[in-house]
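Following: one structure in structure tokens, then a few remarks.
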Amino acid sequence: MGFVFLLLAFFAIGVVQGQLRVGFYSNTCPDAESIVSSVVRNAAQSISNIPPVLLRLHFHDCFVEGCDGSILIENGPKAERHAFGHQGVGGFEVIEQAKAQLEATCPGVVSCADIVALAARDAIALANGPSYEVPTGRRDGRVSDVSLAANMPDVSDSIQQLKAKFLQKGLSEKDLVLLSAAHTIGTTACFFMTKRLYKFSPAGGSDPAITPDFLPQLQSICPQNGDVNVRLPMDRGSERTFDKQILDNIRNGFAVLESDARLYDDETTRMVVDSYFGILTPIFGPSFESDFVDSIVKMGQIGVKTGSKGEIRRVCTAFN
């Protein structure tokens, strides 16, 4: 009986994921993906940090209520986007621009949830990252509640907490490493560095995982009691290029975010990080780019609403 149940559960998952497919809009809105790409490209020309912003938006959307555009809703202070765990998330105006163009071309067809996933893919390509196909067919959620975002992964989480939060979403330790490596592009605020640099528990002071040469550099950018809004690159030496430099930095004590550094505390996640730097890795793999694509496509299927579930919003900030 247990085996039959597991088999049915497996097929149920397969059906949900199977309803997302590459080219979902090829007949109903054939220019959908090129329209999103054009909007993202134009936005990046005027705002240089758009690629990491859109990538982060996709992650934050998928981790609350699944990849359903719930983070885009703006219906007052109780809206999900105002959650503490979503601080600094942006890119909403880019998604809205793409939605407006899509509604003018093929009204009521392309979901906001799919626009977020497509925009993240285009953002990665603009940062010289891997190109990949995005399965589409998501529908937009009808729930936006700030309380539902209470369990977002946090920069101060232990490695056990991070692994547990990813596992709850069906993501493995390998996915945790690869999706954390998205920090290869973009910046963070000193607000997220204060604890690591000055109030690291349990002994106080700074995180001993920070290499001694790097600590004064971080403290000079984020002095104690300084401006918490000052920003610094999350990937030392490579913040504009999507590559595996972030993982090399983690290996060598140059991680900026505390949660990134924790990936090297755990044997399983440390082995994943190290696997991309073996002597024979360039010949036999694994490929960081290919593995990242697998993980972000997998993340893009968390809790998706398809078929008759959800809706296709007319504007991304409001329910129909």
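The values are calculated or read from the model by the stated rules, or taken from the named source; none is laboratory data. Not measured: the values here are computed from a predicted model. Glycine also receives a Cβ, built like all others from the backbone with ideal geometry; neighbour counts cover every protein chain displayed. Note: accessible area is taken over every heavy atom of the protein model, side chains too, but ligands, DNA and RNA are not part of it. Shrake-Rupley method; radii C 1.70, N 1.55, O 1.52, S 1.80 Å.
Values for this structure:
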| quantity | calculated |
| --- | --- |
| Single unsatisfied condition, ILE221 versus (1) farther than 28 Å from ILE115 by Cα; (2) out of contact with any strand residue (DSSP E or B) (no Cβ under 6 Å at 6 or more places or on another chain); (3) touching a residue at least 12 places away in the same chain (Cβ under 8 Å) | (2) |
| Selected residue (only one of GLU267, GLU258 is free of Cβ contacts under 8 Å to residues at least 24 places away in the same chain, acidic (Asp, Glu), closer than 26 Å to ALA209 by Cα and not assigned by the TED database to the domain that holds HIS58) | GLU267 |
| Spans of helices (runs of 4 or more DSSP H) in segment 157-202 with at least 1 residues open to solvent by 50 Å² or more (accessible area, probe 1.4 Å) and under 27 Å from SER290 (Cβ atoms) | 159-168, 173-180 |
| Some residue of segment 127-147 being assigned to a helix (DSSP H, G or I) and either in the same structural domain as PHE254 (by the TED database) or within 17 Å of the chain's Cα centre (by Cα) (or both) | no |
| Among (1) closer than 14 Å to THR188 by Cα; (2) in a helix (DSSP H, G or I); (3) not hydrophobic (A, V, I, L, M, F, W, C), the one test that ASP274 misses | (1) |
| Answer residue from segment 254-271, given it is in a loop (DSSP other than H, G, I, E, B) and not hydrophobic (A, V, I, L, M, F, W, C) and is surrounded by the fewest Cβ atoms within 10 Å (Cβ to Cβ) among those | ASP265 |
| Every residue from segment 19-42 that is open to solvent by 10 Å² or more (accessible area, probe 1.4 Å) and in a helix (DSSP H, G or I) | GLU33, SER34, ILE35, SER37, SER38, ARG41, ASN42 |
| Any hit, segment 283-294, residues being hydroxyl-bearing (Ser, Thr, Tyr), outside any loop (DSSP other than H, G, I, E, B) and open to solvent by less than 80 Å² (accessible area, probe 1.4 Å) | yes |
| Some residue of segment 100-113 being modelled with pLDDT under 95 and either open to solvent by 40 Å² or more (accessible area, probe 1.4 Å) or not hydroxyl-bearing (Ser, Thr, Tyr) (or both) | no |
| Any hit, segment 64-87, residues being more than 24 Å from LYS165 (Cα to Cα), surrounded by 18 or more Cβ atoms within 10 Å (Cβ to Cβ), touching a strand residue (DSSP E or B) at 6+ places or on another chain (Cβ under 7 Å) and modelled with pLDDT of 95 or more | no |
| Test set (1) under 29 Å from ALA104 (Cβ atoms); (2) out of contact with any His (no Cβ under 9 Å at 6 or more places or on another chain) - ASP294 fails condition number | (1) |
